[in-house]
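Reading through the structure tokens given below for one structure.
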Amino acid sequence: MVAASFELVAFHQLLHTARIDLQKFIAMIQRSFFWFLTILLFTACSSSKSTTGGTSESSGKWQNEAVVADGKNNEWSGSGLEYDKNTKLAYAVTNDATNIYVLLTTTDQMTQAKILNAGLSLYVDPSGKNKEITSINYPLSAETKMPFNRQATEKQDMQKINADALARANQYTLNGFFTGDGGYSVMQKNNGGVSVKMGYSASKELVYEAIIPFQALSKDKINTGKNIAVGFKINGLPKPDMAGGDRPSGSRGSGRGGRAQGGGTRGGGRQGATGGGDMKLFEDTKYWKTFYVAGKQ
């Protein structure tokens with residue numbers, strides 16, 4: 001009987017200890033859940049500040065080296081070029097205290113042909129809303145009809161076509177700027193201080209450079225951290241002259257209303273004379289990028 005009582009007391013003590021341990025365990029779980037919830041909410045708030053959706057965004061990059069818009073990209077070391085596979089353009093957007101700098105490059109010859117013969121528009125929207133109001137239209141559309149046969153699209157022929165087109169690309173227009181709107185020669189200064197030029201590198205890479213002063217965009221000061229949208233649009237080429245009856249199915253007509261001042265979007269790679277890739281030559285393509293004005297680093 002005594003032994004039974006002893007065992008009963010021991011059992012109650014064990015149960016009491018277990019109850020205390022269970023309470024400690026529950027309290028620990030509650031504390032852990034509290035910290036987990038706190039971290040989760042903090043992460044969610046941080047994420048909501050870094051992205052706003054829509055146009056792809058990136059933090060701005062300060063331009064340390066002086067840039068001259070001369071169609072050479074030797075001043076852009078360390079700028080970290082990004083690439084858009086749709087337009088086949090590598091690009092960089094940087095700024096310093098007074099200017100926005102834009103670099104576009106491509107080695108794709110069909111993309112070069114579209115830019116040089118159909119024209120390109122570079123848009124800058126200080127509101128960050130992708131509005132096609134303020135633009136540099138350069139080069140202007142040449143309304144050149146590309147011959148549509150295999151022989152004419154051989155490498156040496158395309159290089160000559162592009163080189164000839166670059167030699168003619170000496171005019172541009174400014175639209176929608178706070179100051180400086182009008183038509184100019186690439187060697188001519190404008191009131192907005194905007195400058196633009198293209199050229200070829202030693203490796204046959206087409207290089208496009210533009211310098212856009214903040215004061216040409218707005219009468220108000222554009223501060224560090226403000227988001228600005230930059231877009232580039234390459235016109236599709238006009239409907240080609242068909243050689244030997246090789247009419248590609250689905251090619252679009254040559255109607256190009258309102259293209260006299262450039263415009264544009266992207267160039268496709270060569271996939272044969274009647275391949276789907278060639279159809280992209282006759283289509284407009286464009287890309288927008290929103291960046292935040294950088295402060296000096």
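Do we have any residue at all in the range 132-151 that's charged (D, E, K, R) and either under 26 Å from K226 (Cβ atoms) or modelled with pLDDT of 95 or more (or both)? The answer is yes, given that some residue of the range 132-151 is charged (D, E, K, R) and either under 26 Å from K226 (Cβ atoms) or modelled with pLDDT of 95 or more (or both). The number of residues in the range 205-218 that are assigned to a strand (DSSP E or B) and either without any contact (Cβ under 8 Å) to a residue 40 or more places away in the chain or surrounded by fewer than 21 Cβ atoms within 10 Å (Cβ to Cβ) (or both) comes to 3. When the residues of the range 81-123 are narrowed to those that are charged (D, E, K, R) and more than 17 Å from S201 (Cβ to Cβ), which ends up surrounded by the most Cβ atoms within 10 Å (Cβ to Cβ)? This residue is K114. Restricting A229, A165, A202 to residues that are part of a strand (DSSP E or B) and either under 20 Å from L104 (Cα atoms) or at pLDDT 90 or above (or both) narrows the list to A229.
Can you tell me which residue in the range 69-80 is surrounded by the fewest Cβ atoms within 10 Å (Cβ to Cβ), limited to those that are in contact (Cβ under 8 Å) with a residue 60 or more places away in the chain and touching a Ser or Thr at 6+ places or on another chain (Cβ under 8 Å)? Per the stated criteria, the residue is K72.
Might you check whether a residue that is farther than 30 Å from N223 by Cβ, at pLDDT below 90 and either over 17 Å from the mean Cα position of the chain (by Cα) or not acidic (D, E) (or both) occurs anywhere in the range 169-190? No, because not a single residue in the range 169-190 is farther than 30 Å from N223 by Cβ, at pLDDT below 90 and either over 17 Å from the mean Cα position of the chain (by Cα) or not acidic (D, E) (or both).
Quick check: anything in the range 179-191 in contact with an Asp or Glu (Cβ under 8 Å, 6 or more places away or on another chain), surrounded by 16 or more Cβ atoms within 10 Å (Cβ to Cβ) and not hydroxyl-bearing (S, T, Y)? Full working, then the answer.
If we filter the range 179-191 for residues that are in contact with an Asp or Glu (Cβ under 8 Å, 6 or more places away or on another chain), which is where we start, we get none.
Scanning the range 179-191, I find no residue that is in contact with an Asp or Glu (Cβ under 8 Å, 6 or more places away or on another chain), surrounded by 16 or more Cβ atoms within 10 Å (Cβ to Cβ) and not hydroxyl-bearing (S, T, Y), so the answer is no.
Selection of the range 204-227 for residues being farther than 8 Å from V293 by Cβ and among the aliphatic types (A, V, I, L, M) yields L206, V207, A210, I211, I212, A216, L217. Would you pick out the residues in the range 88-133 that are hydrophobic (A, V, I, L, M, F, W, C), in a strand (DSSP E or B) and touching a residue at least 24 places away in the same chain (Cβ under 8 Å)? If the condition is that a residue be hydrophobic (A, V, I, L, M, F, W, C), in a strand (DSSP E or B) and touching a residue at least 24 places away in the same chain (Cβ under 8 Å), then L89, A92, V93, I100, V102, L103, L104, L120, L122, V124 are the ones that fit.
The values are calculated or read from the model by the stated rules, or taken from the named source; none is laboratory data. Keep in mind that what you see is a predicted model, and the values were worked out from it rather than measured. Because the Cβ atoms are built from the backbone with ideal geometry, glycine has one as well, and the counts that use them run over all protein chains shown.
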